[in-house]
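First the structure, in the form of structure tokens, and then the observations on it.
The values are calculated or read from the model by the stated rules, or taken from the named source; none is laboratory data. It should be emphasised that the depicted structure is a prediction, and the values quoted were computed from it without experimental measurement. Because the Cβ atoms are built from the backbone with ideal geometry, glycine has one as well, and the counts that use them run over all protein chains shown. SASA here: full protein model, heavy atoms, side chains in, ligands and nucleic acids out. Shrake-Rupley method; radii C 1.70, N 1.55, O 1.52, S 1.80 Å.
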Amino acid sequence: MDFQVVVLAGGASKKLIPLISKEVPKALLPVANRPVLSYVLELLEQSNLKDLIVVVEGQDAAVRVGGWISGAYVDRLHVEVAAVPEDVGTAGALRAIARHLTAKDIMVVNGDLVSDVPPGAVAAAHRRHDAAVTAMLCSAPVSGPSESGSSSGKDKTKKPGRYNIIGLDPTKQFLLYIATGAELEKDIRIQKSILRAVGQMEIRADLMDAHLYAFKRSVLQEVLDQKDTFQSLKQDVLPYLVRSQLKSEVLLNGAPQAEENGNEKVNFQKNQVMVSRILANASTPSFHEFSGLGTNDSAPRTHKCCVYIASNRKYCARLNSIQAFSDINRDVTGEASHLSGYSFSAQNNIIHPSAELGLKTTVGPHCMLGEGSQMGDKCSVKRSVIGRHCRIGSNVKVANSVIMNHVTIADGCSIQGSVICSNVQLQERVVLKDCQVGAGFVVSAGSECKGEALAKKEK
């Protein structure tokens with residue numbers, strides 16, 4: 001399958017401070033003690049998509065990510081790591097590497113995607129429809145984003161987040177409308193030309209754009225060239241292609257046609273509503289057929305925007321917030337443990353053979369204890385991930401938390417719903433609840449913190 005794959009691995013996401021650092025860019029954040037980027041790379045490898053360009057924001061981050069890839073995937077993948085300036089956006093990142101894109105079709109995927117949906121299925125749907133773009137959609141995570149940034153996994157009041165409002169044709173193969181960001185709070189306005197063409201549209205708010213797209217390269221490059229202010233694939237490029245699919249703005253050498261006046265306003269109340277139009281001519285072709293018609297004997301006036309909707313039995317999440325980091329770590333050691341790549345014990349946990357446990361110390365189900373880590377006596381670990389070479393004293397309680405590598409935790413500490421980054425030191429009797437502690441930080445003895453982000457000041 002001659003797809004070229006671009007993995008957008010990001011760099012220093014502000015949403016993930018203080019979890020990320022110069023030493024640990026976003027792509028290398030651990031999920032079940034593996035860099036998050038490894039989940040996308042192995043997913044692509046399973047679909048035999050092995051010709052990859054990994055785009056990293058910032059030269060230093062690119063060097064670190066490239067070094068890890070060269071060691072972990074030698075002889076397995078053909079990977080070129082490209083550094084782009086920070087904050088150029090996803091469209092800007094593609095624009096920066098455009099000269100390297102040579103295949104007929106380009107797959108673009110975010111490096112923070114953790115999923116078991118095969119990218120090959122998206123590629124096959126794209127080719128089957130001869131689409132300009134095919135977007136993968138999946139069920140929105142139930143936990144949703146957290147306003148407080150709390151990493152606790154025990155908030156039972158969470159509801160599915162509204163990530164997008166999406167309009168689909170009756171066959172659920174064609175993308176007719178998409179609203180993202182600030183547009184989610186506005187009334188939905190549907191182009192009359194779309195409704196005339198399709199007759200009926202299903203509006204969904206329970207689907208998430210997984211940030212995995214297949215593009216026809218000629219279309220993608222034309223949009224990036226002509227719309228040089230576009231910065232985001234999700235916010236700019238995809239909505240533009242959807243809006244223009246019944247016009248000749250794309251794929252024609254002539255001047256773009258004026259947009260048809262007139263929209264239909266729709267009041268959005270539930271996750272699913274049906275928008276129907278009674279068409280004057282009952283023999284109006286379906287959208288699929290309509291999309292192939294031209295105004296004369298010239299080439300068709302339209303391009304196709306398609307979707308691949310993953311089964312709700314599949315796992316799909318993006319590590320794009322502190323809450324998501326904790327949720328995904330919990331899931332990959334729990335209900336989605338098949339993604340971890342590890343074999344869990346009869347107790348449904350993973351304790352590395354080189355790890356050491358003190359007397360009366362318990363490590364519960366859905367937990368991981370990494371290589372070379374040591375725990376003292378009378379400790380308790382519940383639904384948590386502990387990294388490599390950690391030193392944990394006695395009478396320490398850890399619940400619903402992620403502890404990275406080379407962390408030192410003294411006697412009597414209690415950690416709940418928190419993320420502890422590498423090389424942190426917690427002195428005696430520290431109590432943390434719903435906190436994030438940045439790399440190398442020292443929490444003094446007896447400290448009690450709730451809902452705080454603790455990190456060294458940048459020099």
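Values computed for the structure shown
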| item | result |
| --- | --- |
| Residue, surrounded by the fewest Cβ atoms within 10 Å (Cβ to Cβ), within region 338-351, restricted to residues that are free of Cβ contacts under 8 Å to residues at least 12 places away in the same chain and more than 10 Å from Met368 (Cα to Cα) | Ala346 |
| From Arg99, Arg64, residue being touching an Asp or Glu at 6+ places or on another chain (Cβ under 8 Å), modelled with pLDDT of 90 or more and part of a helix (DSSP H, G or I) | Arg64 |
| Subset of region 63-89 [over 21 Å from Gly341 (Cβ atoms), in contact (Cβ under 8 Å) with a residue 40 or more places away in the chain and open to solvent by less than 40 Å² (accessible area, probe 1.4 Å)] | Val88, Gly89 |
| Residues of region 365-408 that turn out to be among the hydroxyl-bearing types (Ser, Thr, Tyr) and farther than 27 Å from Lys26 by Cβ, as a count | 2 |
| Any chance Arg313 is touching a helix residue (DSSP H, G or I) at 6+ places or on another chain (Cβ under 9 Å) and among the basic types (Lys, Arg) | no |
| Which listed residue, of Leu113, Leu43, is within 20 Å of Ser13 (Cβ to Cβ) and in contact (Cβ under 8 Å) with a residue 60 or more places away in the chain | Leu113 |
| Positions within region 352-374 being of a type outside the set (Val, Ile, Thr) and open to solvent by less than 60 Å² (accessible area, probe 1.4 Å), in sequence order | Ser354, Ala355, Gly358, Gly364, His366, Cys367, Met368, Leu369, Gly370, Gly372, Ser373 |
| Filter result for the condition that a residue is surrounded by fewer than 23 Cβ atoms within 10 Å (Cβ to Cβ), acidic (Asp, Glu) and touching an Asp or Glu at 6+ places or on another chain (Cβ under 6 Å), over Asp377, Asp411 | Asp411 |
| Complete set of residues in region 27-56 that are at pLDDT below 95 and touching a Gly at 6+ places or on another chain (Cβ under 6 Å) | Ser47 |
| Of all residues in region 351-364 being part of a strand (DSSP E or B) and over 17 Å from Val31 (Cα atoms), the one that is nearest to the chain's Cα centre (by Cα) | Val363 |
| Residue among Val36, Val55, Val108 that alone is closer than 27 Å to Lys14 by Cα, surrounded by 21 or more Cβ atoms within 10 Å (Cβ to Cβ) and touching a helix residue (DSSP H, G or I) at 6+ places or on another chain (Cβ under 6 Å) | Val55 |
| Members of region 426-445 found to be over 19 Å from Lys22 (Cβ atoms) and either of a type in the set (D, E, K, R) or open to solvent by 40 Å² or more (accessible area, probe 1.4 Å) (or both), listed by number | Gln427, Glu428, Arg429, Val431, Lys433, Asp434, Ser444, Ala445 |
| Residue ID - nearest to Glu86 (Cα to Cα), chosen from residues in region 198-215 that are open to solvent by less than 40 Å² (accessible area, probe 1.4 Å) and not hydrophobic (A, V, I, L, M, F, W, C) | His211 |
| Count of residues meeting criterion [touching a residue at least 60 places away in the same chain (Cβ under 8 Å), hydrophobic (A, V, I, L, M, F, W, C) and assigned to a loop (DSSP other than H, G, I, E, B)] in region 400-420 | 1 |
| Some residue of region 386-399 being open to solvent by less than 10 Å² (accessible area, probe 1.4 Å), part of a loop (DSSP other than H, G, I, E, B) and among the aliphatic types (A, V, I, L, M) | yes |
